[in-house]
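The values are calculated or read from the model by the stated rules, or taken from the named source; none is laboratory data. Small disclaimer: the values here were computed from a predicted structure and weren't measured. Using ideal geometry, Cβ is built from the backbone for each residue, glycine included, and neighbour counts are taken over all protein chains shown.
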Amino acid sequence: MTSRHVVRRASEAAFTAVSGGFARWSIVDESVLGAVHTGFAVCELAPGASVPSQVNWYEESVFLLSGSAVMDTPGGSYRLEPGDYGLVNTGVPYAWRNLGDEPARWAQMQAPQPRGRLDGDTLPVALAAPDRCCRWTPATRVPSRSATSRRSTWTRASRARTCSRSRPACVPRCSSTAASR
């Protein structure tokens with residue numbers, strides 16, 4: 001009888017280079033028997049590297065494990081640090097950048113599972129520069145996301161990333177200085 005469980009050990013990690021400075025260890029994908037609804041991977045982005053903007057036909061959740069990275073979206077640029085969670089909705093363009101001095105590593109969950117025969121259900125797209133850079137500000141609750149909204153949601157403990165245009169921290173695009181605050 002075939003097991004219905006999958007266990008992957010860190011010692012089995014087999015990162016595959018995807019693009020300059022970006023590597024991915026696909027843990028659950030089409031090759032795992034019985035796994036049809038979700039994909040799971042660990043991604044790593046080298047210092048100074050970036051992942052070009054793209055749009056996916058699946059939802060993608062990320063949880064930053066180590067290092068720091070900036071995710072650019074149409075709504076803003078968000079600096080993620082260990083313990084930060086992000087959700088990118090279906091059809092929302094985004095890109096990654098690592099402005100830090102160490103590799104950024106995050107867990108990535110995709111639903112439904114991307115299909116290899118369709119180029120991973122991902123398309124490269126142009127991403128308009130966000131009009132602001134967002135950083136941590138106190139918040140009493142995480143902003144809710146309606147079914148019709150295409151806004152990405154970013155949370156850390158009981159605080160949410162918000163941005164007010166009147167604050168000096170909101171600058172065009174995240175520079176290495178603004179994103180590190």
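Note on segment 29-81: enclosed strands (runs of 3 or more DSSP E) holding 3 or more residues that are within 30 Å of Arg4 (Cβ to Cβ) and either free of Cβ contacts under 8 Å to residues at least 12 places away in the same chain or within 13 Å of the chain's Cα centre (by Cα) (or both) are 39-45, 59-66. Within this structure, Phe63 fails the test of being out of contact with any Ser or Thr (no Cβ under 7 Å at 6 or more places or on another chain), of a type in the set (Phe, Trp, Tyr) and under 15 Å from Thr122 (Cβ atoms).
Number of residues in segment 71-107 that are over 17 Å from Thr122 (Cβ atoms), polar (S, T, N, Q) and at pLDDT below 95 equals 1.
For the subset of segment 14-28 comprising residues that are small (Gly, Ala, Ser) and part of a loop (DSSP other than H, G, I, E, B), which member is surrounded by the most Cβ atoms within 10 Å (Cβ to Cβ)? Only one residue fits best here, namely Gly21.
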